Amino acid sequence: MDALFDISMAGLLAILAGGAVAMVRRTRQRLAAWDSGFTARARVVRAWATSQVVNNAARRVQWHEYDFTTHDGRAVRFKESGGPADRAVGEEVLVHYTPQRPDRATAAEPRPGRDLAVTVVWLAVLAGCAIFTVQQWITLSRY
């Protein structure tokens, strides 16, 4: 029974760490795209929404898939979540990308300060959850 508890707690900590890494990675990708200065007109080729229920509350996430051509003529398609719900298929938008990884582009408007602040707040929340998990792990392991 102790082994199952330890595996569960380690798994929870791994999920928290994975979430933090993914959040930092995407924030850095968006900042790099905005800072690169490379932009292109992209066309929305697909739009859909997913929903998930957490604590009996539905959360809707808007997804878009974009096609664009880089300055050197490469065709690129990428998906991005969190876009506006009224963005329709066929609509043209401005995307920001890096020449090295155009598949990590973003159609979001540049808001580096806001993006960084949101990431820091969520990292603090995840760190608090991790600290609480470790504290509970230690406390409950004594019994």
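Any read-out appearing in this document is the output of simple, stated calculations on the displayed coordinates, not a laboratory observation. Just so it is clear, the structure is predicted and the values come from calculations on it, not from any experiment. Positions of Cβ are generated from backbone atoms using ideal geometry, with glycine treated the same way; all protein chains shown enter the neighbour counts.
Quick look at the numbers
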{"item": "Estimated [θ] at 222 nm from DSSP helical runs (n ≥ 4, -39500 (n - 2.57)) normalised by residues in the chain, nearest 500", "result": "-16500 deg cm²/dmol"}
{"item": "Area projected by the alpha carbon convex hull of the chain, averaged over all directions, nm²", "result": "11.1 nm²"}
{"item": "Rounded tilt (10° steps) of 112-141 against the dominant C-alpha axis of the chain", "result": "20 degrees"}
{"item": "Where trypsin sites (Lys or Arg not before Pro) fall in DSSP loop in the range 1-98, at most 13 other Cβ within 10 Å", "result": "Arg74"}
{"item": "Dimensions (Å) - the range 63-131, Cα atoms, principal axes, largest first", "result": "48, 30, 20"}
{"item": "Inter-part distance where the range 7-26 and the range 44-118 are each reduced to a Cα centre, Å", "result": "23 Å"}
{"item": "The chain: relative contact order as a whole-number percent, Cα under 8 Å and 6+ apart", "result": "27 percent"}
{"item": "Column: log10 I(q)/I(0), Debye, Cα scatterers of the range 1-59, q = 0.12, 0.30 Å⁻¹", "result": "-0.63, -1.04"}
